Every structure is written in C-alpha cells, then in structure tokens.
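Below is one structure, written out as structure tokens; comments come after it.
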Amino acid sequence: MDVALSPSGRRVIRIFFGLVLLFLYAPIAILLIFSFNKASVPSFPLSGFTFRWYQDFATNGELQAALETSAIVALISSVIAVTLGVLASLALSRRPFRGKGVVTSLLLTPLVIPLIVLGISLLLLFHQLGIQLSILTVAVGHVVISLPYAILVLLPRLAQIDRSLTEAAYDLGAGALTTFRRVTLPLILPAVVSAFLIAFTTSFDEYAVASFLIGSRETFPIFLYSQLRFPDKLPQVIAVAVVVLMVSIFVVVAAELWRRRAESRLGEAPTY
C-alpha cells in the first residue's frame with residue numbers, strides 16, 4: 001500500500017537526498033579543483049590555474065608503469081574471476097544438490113575475511129609452495145576477492161532465465177556447449193559485463209592484498225600511497241586521481257547504458 005507524503009515530508013526527503021549526493025561527490029569536486037591549482041600545496045584560496053600537474057603525470061614513467069601493472073593485474077584477474085563465476089553460478093542455479101549451501105558459503109566467504117588476513121594467508125601459501133611473488137600472484141589474490149562479487153551478480157540473472165529455453169535447445173539436438181553459447185550466454189551477457197566491471201575496478205583499486213603479493217613491481221594504489229610521503233608529489237597524485245576517476249565514471253556510465261539497451265532488446269525479443 002502506497003503512503004502519501006505531505007509536502008514537508010517530500011521536502012525533507014529531497015534535502016536528505018541532496019546531502020547524500022553532496023557527501024558522495026564533494027570530494028571528487030575538490031580533487032578536480034585542486035588538480036588545476038598552481039600552488040604545490042592544496043589550499044584555498046587558489047593561487048592560479050595550471051595544467052602543469054597533468055603534464056608532469058604524462059611524463060612520469062614510474063607512475064605510468066604502476067598504472068600499466070594495475071591494468072594488467074585487473075584484466076587477468078577479472079577474466080578469470082568472471083569465467084569461474086559463470087561456471088559456479090551455472091552449477092548453483094541449475095538444480096539443488098547435497099551440500100549446495102556449504103559450497104555457496106565457501107565461495108562467498110572471502111567477502112567477510114579481512115583483506116590483510118587474506119593477504120598474509122596467501123603470502124604464506126605461496127612461500128610454502130615456493131612460488132615467487134609477481135603480478136600473477138597478485139592476480140590470484142584478486143581472483144579470490146572478486147569471485148564472490150561475480151557470483152552475486154550472475155546468480156540472480158541466471159535465476160530469471162526460463163529453463164524451458166535450454167530444454168528446448170536440448171530437444172532440438174544442441175549440445176551443452178552450443179546451448180550455452182547460443183542461448184544462455186546472450187541472456188546473461190549484461191550480467192557478465194557488469195560482473196567484469198566490478199571485478200576490474202575492485203582489482204584496480206585494491207591495496208591490502210597487493211601490498212603482500214606484488215613482489216618487485218608496484219601497482220597503482222601502492223605507488224599512490226608511497227608518493228603521499230613526498231609533499232611535492234601530492235599535486236601530481238591529485239591529477240592522476242582525477243584522470244582515473246573520470247575514466248572510471250565514463251566506463252561505468254557507458255556500460256550501464258549498454259546494459260540497459262541490451263536488456264531492453266532481450267525483453268522485446270519475440271517469443272514463439
């Protein structure tokens with residue numbers, strides 16, 4: 001039953017919503033303003049307007065190497081996490097089986113494990129196995145972190161698919177792989193893209209686990225944290241943070257628009 005709000009109640013909700021938006025986006029606006037500040041110390045009033053910090057960022061080889069390392073790790077871990085997430089979600093959504101609750105709990109356990117504890121555990125595991133730390137060990141750690149998110153995104157979408165569609169494909173002689181490729185995958189593709197973006201951003205921004213497993217190279221969050229010790233590097237750090245934020249917002253908005261368009265097309269598809 002819908003409850004009608006009084007004009008004062010609607011006004012309070014609007015004010016509260018505005019304050020939430022201000023709380024979320026005010027730090028981004030401040031970063032954007034200070035990235036063009038001529039002074040090396042971020043403070044008001046601004047001392048002038050400059051693109052110097054963006055130019056320094058564009059010529060900073062160490063910073064670009066850290067961004068490249070984070071992108072490589074995020075790409076590797078996201079592809080693996082989404083692939084494993086699709087397989088696990090298919091197994092969990094098809095039919096009940098003995099121990100399903102236990103398996104689901106184990107797959108989602110990394111959500112409640114502190115990242116520092118997870119990083120130390122993986123470090124000890126790789127040490128006992130004699131595996132040298134590298135970007136691949138970081139990717140493995142990020143797969144562990146990202147896999148539960150991928151499963152949580154994919155499971156609801158698979159639950160919405162009518163099983164009669166796959167059964168009809170089997171009745172027409174299609175095998176399991178063909179049915180997945182021609183029927184299931186197109187229906188869950190928006191969820192797959194969403195899971196990939198969540199896994200990618202989670203890996204790209206992750207610091208705690210990467211700090212234990214990275215070895216000799218630095219990811220972007222580790223490099224960013226190390227540069228905060230030098231006051232003269234702060235404006236450049238702010239500039240690159242703005243660039244990463246703008247790219248992230250653009251990718252998320254573009255992916256969301258594509259997802260909505262894809263889902264609307266699936267909803268408008270004729271049924272026979």
Open item on the list: Run the helix sum for the chain: -39,500 (n - 2.57) per DSSP H stretch of 4+ residues, divided by residue count, reported at 222 nm to the nearest 500 deg cm²/dmol.
Closed with: -24500 deg cm²/dmol
TODO: Of the options 216, 192, 236, report the single residue whose Cα projects farthest towards the positive end of the charge dipole of the chain (beta-carbon charges: Lys, Arg +1; Asp, Glu -1).
DONE: 192
Open item on the list: In Å², and per residue, what accessible area does the chain have when probed at 1.4 Å with the other protein chains present?
Closed with: 63
Task: Spin-label model distance (nm) - residue 47 vs residue 244, 7 Å beyond Cα toward Cβ - done: 2.6
Open item on the list: Once you order the gyration tensor axes a ≥ b ≥ c over the Cα atoms, which shape class does the stretch 50-164 get: rounded for a/c under 1.5, otherwise prolate or oblate by comparing a/b with b/c?
Closed with: oblate
Open item on the list: For residue 205, project a label point 7 Å along Cα to C-beta. Then give me every residue of the stretch 40-74 with its amide nitrogen under 11 Å of that point.
Closed with: none
Task: Rounded tilt (10° steps) of 7-34 against the dominant C-alpha axis of the chain - done: 60
TODO: With an 8 Å cut-off on Cα pairs and a minimum separation of 6 or more residues, tell me the relative contact order of the stretch 44-171 in percent.
DONE: 41
Open item on the list: At 7 Å along Cα-to-Cβ for each site, give me the label-to-label distance between residue 116 and residue 257 in nm.
Closed with: 4.2
Open item on the list: Pairs of alpha-carbon atoms within less than 8 angstrom and 6+ residues apart define the contacts here; what relative contact order does the chain have, in percent?
Closed with: 30
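Which of rounded, prolate, oblate describes the stretch 196-235, given a ≥ b ≥ c as roots of the alpha-carbon gyration tensor eigenvalues and a/c under 1.5 marking rounded, otherwise prolate only if a/b is larger than b/c? Working shown, then result.
Numbers: a/c = 3.18, a/b = 1.59, b/c = 2.00.
Verdict is oblate for the stretch 196-235.
For the stretch 100-208, what does the relative contact order come out to in percent, with C-alpha contacts under 8 Å and a separation of six or more?
Working: 53 pairs, mean separation 38.1, N = 109.
Reported relative contact order: 35 percent.
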- [ ] For helix 234-268, report the angle its Cα long axis makes with the longest principal axis of the Cα atoms of the chain; keep it between 0 and 90° and round to the nearest 10°.
- [x] 20
Task: Label-to-label distance, nm, for residues given as residue 128 and residue 87 (7 Å Cα→Cβ offset) - done: 2.3
Open item on the list: Quick check on the stretch 24-91: take the gyration tensor over C-alpha atoms, sort the square-rooted eigenvalues as a ≥ b ≥ c, and tell me if it's rounded (a/c under 1.5), prolate or oblate.
Closed with: oblate
Open item on the list: Charges at C-beta only: +1 for Lys and Arg, -1 for Asp and Glu. How large is the resulting dipole of the chain about its Cα centre, in Debye rounded to 20?
Closed with: 520
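Which FRET efficiency value, to the nearest 0.05, do you get for residue 40 and residue 161 by plugging their Cβ-Cβ distance into 1/(1 + (r/R0)^6) with R0 = 41 Å? Walk me through the intermediate numbers first.
Numbers: r = 56 Å, r/R0 = 1.36.
Given R0 = 41 Å and the Cβ-Cβ separation, E is 0.15.
The values are calculated or read from the model by the stated rules, or taken from the named source; none is laboratory data. Just so you know, these numbers come straight off a predicted model, no measurement behind them. Quick reminder, even Gly has a Cβ in these numbers, built from the backbone with ideal geometry, and neighbours come from all protein chains shown. The protein model used for the area step is the full one, side chains on, heavy atoms only, and it has no ligands, DNA or RNA in it. Shrake-Rupley method; radii C 1.70, N 1.55, O 1.52, S 1.80 Å.
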